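Worksheet: one structure, shown below.
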Amino acid sequence: MDYSSFPKHDVLCIDMRSFYASVEAVRLGFDPMQVLLAVVGDVTRPGSIVLAASPTLKEKYGISNVSRFFELPQDPNIHIVQANMADYLHVSIQITQLLHTFAPKEAIHPYSIDEVWITVNGLEKLFGDPFTIAQKIQRAILESFGITSAIGIGNNKFLAKVVLDLHAKKSPTGIASCTYEEVQEKLWPAKVEKIWGIGSKLKKRLYHLGITTLGQIAQSSLPTLKKHFGIMGEQLYWHAWGIDISPVFGDFIKTKQDSYGHGISLLRNYTKEETLVCMLELCEEACRRARTDRMAGRTIHLGIGYDQMTNGGFYRSKTIASPTNITLEMYQVCVQLFEHFYDGHSYIRRVSVTLTNLVLDMETQLDLFYERSKQKDIGYVMDNIRAKYGSTAILRASSYTNAGITLERSKKIGGHWA
């Protein structure tokens, strides 16, 4: 592969190791790398997920982020901590602010709450070569927050991320690098499931073709990969050669919104009547977000998942004549879909609603036979009240019933306690 025509940057991918567990360990005064500590989504539920485990707990007992609370060993030395997402978000933002002392904001791309890319092109005179910069960032994060980090260095985001996962996290220094010229040596031997972006379904399809390593993807023909995987096959091919042309500078915070949706996995079986209450609250939140961005949508989607005994459900949509961000209009369409496709007897455990096919709110039409403008105004007034006094400052009466979900969700971030 001739890499001369491809962009060559100095990109760092930084991962805060066992982030949630590390934040809690520091708060409790423990060494994050030595303490036995588990962060649980909801300590009142035995089936709740272990969101994070300290490195020592992972190593000693094999605890992972898919383990359940009841699976934790009965070891009195293990500290069980209730997840607090607000704290983790706060620390994540502070770490990003710290990175602003190393590079301008357009060179920093947060990928998740505990991972971030930072492009350090041209910073040699200020901080040294990329490896030295990585060391300084590691030291700054440790001294400021008590959190250990691992850093991958590459010519692009893909290389930085993959060498982080494959090598940096296992390195004694917590730092590893990979250039274009080192792809065959450092990345090709890796199993495909270890590569960022390749999930279990894609792994099975690759294995079915006899492809088990990244090197085998690279040695496959591009037409063959495109035949079996479409556009994804082309991405697999170029990534296997270490090539990624995604931008490394820009405004990575602002993203284009193409839908407004909300969904929930219910903690118990819901009846038809209870599901309608839940559906109304989800429509309220989806429309609130659309109104905040001054957008409206023509297509309304409803997803319903049944309980484990039935193990079914449906996902249907309907396009309406006039775009909407009015809660009751979206809700009425969802009710129509629900009445038409619901089997009439199954209990329900998952509900989702989504508004797509978006246009600017100013493009929506008024109705001569329906006071639509008043309905829109009511929505915006309710949004303003909630923005000023909190998300639960004004609610529908149904939200206070046992089927309501808004009060409980208001205490959480990302489905976990705030």
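The values are calculated or read from the model by the stated rules, or taken from the named source; none is laboratory data. In this text, all values refer to a predicted model and were calculated from it rather than measured experimentally. Please note: Cβ atoms are built from the backbone with ideal geometry, for glycine as well, and neighbour counts cover all protein chains shown. For the accessible areas, the whole protein counts, side chains as well, though only heavy atoms, and no ligand, DNA or RNA atoms are used. Shrake-Rupley method; radii C 1.70, N 1.55, O 1.52, S 1.80 Å.
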Only one of Val163, Val192, Val183 is touching a residue at least 12 places away in the same chain (Cβ under 8 Å), aliphatic (A, V, I, L, M) and closer than 16 Å to Glu115 by Cβ, namely Val163
Taking first residues from the range 249-278 that are over 22 Å from Thr356 (Cα atoms) and second residues anywhere that are open to solvent by 40 Å² or more (accessible area, probe 1.4 Å) and in a loop (DSSP other than H, G, I, E, B), the pairs with Cβ under 6 Å that are 6 or more apart or on different chains are Asn269/Tyr347
Problem - Residue check for Ile63: open to solvent by 10 Å² or more (accessible area, probe 1.4 Å), in contact with a Leu (Cβ under 7 Å, 6 or more places away or on another chain) and of a type outside the set (Asp, Glu) - result: yes
Checked Asn156, Asn121 against criteria (touching a His at 6+ places or on another chain (Cβ under 9 Å), farther than 21 Å from Val91 by Cβ and surrounded by 16 or more Cβ atoms within 10 Å (Cβ to Cβ)); the one match is Asn156
Scanning the range 270-329 residue by residue, those among the basic types (Lys, Arg) and either part of a strand (DSSP E or B) or modelled with pLDDT under 90 (or both) turn out to be Arg298, Arg316, Lys318
The lone condition Arg27 fails out of (1) open to solvent by less than 80 Å² (accessible area, probe 1.4 Å); (2) among the basic types (Lys, Arg); (3) more than 22 Å from the chain's Cα centre (by Cα) is (1)
Taking first residues from the range 120-139 that are among the small types (Gly, Ala, Ser) and second residues anywhere that are surrounded by 13 or more Cβ atoms within 10 Å (Cβ to Cβ), the pairs with Cβ under 7 Å that are 6 or more apart or on different chains are Ala134/Leu12; Ala134/Ile151; Ala134/Ile153; Ala134/Ile175
Filter the range 164-192 for residues that are closer than 22 Å to Ser5 by Cβ and β-branched (Val, Ile, Thr); the one that is surrounded by the fewest Cβ atoms within 10 Å (Cβ to Cβ) is Thr179
For the range 11-24, indicate whether the set of residues that are modelled with pLDDT of 95 or more and farther than 30 Å from Cys178 by Cβ is non-empty.
yes
Within the range 329-345, residues surrounded by 15 or more Cβ atoms within 10 Å (Cβ to Cβ) and among the hydrophobic types (A, V, I, L, M, F, W, C) come out as Met330, Val333, Cys334, Val335, Leu337, Phe338
Within the range 59-71, restricting to residues that are farther than 18 Å from Gln34 by Cβ and of a type in the set (A, V, I, L, M, F, W, C), the one that is farthest from the chain's Cα centre (by Cα) is Phe70
Given the conditions (1) surrounded by fewer than 17 Cβ atoms within 10 Å (Cβ to Cβ); (2) over 23 Å from Ile245 (Cα atoms), every one holds for Ile147 apart from (1)
Checked the range 4-21 for anything of a type outside the set (D, E, K, R), closer than 22 Å to Ala83 by Cα and either in a strand (DSSP E or B) or touching a Leu at 6+ places or on another chain (Cβ under 8 Å) (or both); matches are Met16, Tyr20, Ala21
